[in-house]
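No lab work stands behind these numbers, since they all come straight from the coordinates. All figures in this text were calculated on a predicted structure; none of them were measured in a lab. Cβ sites come from the backbone with ideal geometry, for glycine too, and all protein chains shown count toward neighbours.
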Amino acid sequence: MPGTWWTRNRRYFLYVVREFTSLPLAIWLLWLLYAIWRGQTFSTAFAIFSIVALPFALYHSWTFLSLAGTILHAKVLDRPIPSRLIVLSQFAIWAVASIVIAALLVWFAK
């Protein structure tokens, strides 16, 4: 199979892009852990890299949560929950968690 097999189909391409997003996220996390371990304050370079890594994190999260209806299966009163409802609940949880974290960051920044 040629090395460019994933570029011929849009779905394969988006899958490979999603898998690639884990690399900058892993680098960001290792950098964060190293800075915490060293007791350093966060540098301008780390802030810039955080901004660069943010779209990768958002794309990775969005695509993963979009698959939640396929991955997760639940029943209520022996009736399956529709996959669309599962996906919407995952995005709602993500939104609430983001709002809570942002509020905590603003509160502690004061």
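Report the gain in length on full extension from residue 89 to residue 58: 0.36 nm times residue separation, minus Cα-Cα distance, nm rounded to one decimal. Numbers along the way, then the final one.
On the way: separation 31, 0.36 × 31 = 11.16 nm, distance 1.72 nm.
Gain on extension, residue 89 to residue 58, equals 9.4 nm.
Please report the equivalent ellipsoid semi-axes of the stretch 1-63, computed as sqrt(5 x eigenvalue) of the Cα gyration tensor, largest first, in whole Å. Provide the component values of the computation, followed by the final result.
Working: eigenvalues 190, 26, 15 Å².
Value: 31, 11, 9 Å, ordered largest first.
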(request) Please give the length that would be gained between residue 67 and residue 6 if that part of the chain were fully extended, namely 0.36 nm times their separation in residues minus their C-alpha to C-alpha distance (nm, one decimal). (result) 20.0 nm
(request) Describe numerically, in nm with one decimal, the distance between label points set 7 Å from Cα along Cα→Cβ at residue 50 and at residue 29. (result) 1.7 nm
(request) Rounded to the nearest 500, what is the 222 nm mean residue ellipticity of the chain from helices alone, with -39500 (n - 2.57) per DSSP H run of 4+ residues and division by all residues? (result) -25000 deg cm²/dmol
(request) Pull out the extension gain between residue 110 and residue 20, defined as 0.36 nm times the separation in residues minus the alpha carbon to alpha carbon distance; nm, one decimal. (result) 28.7 nm
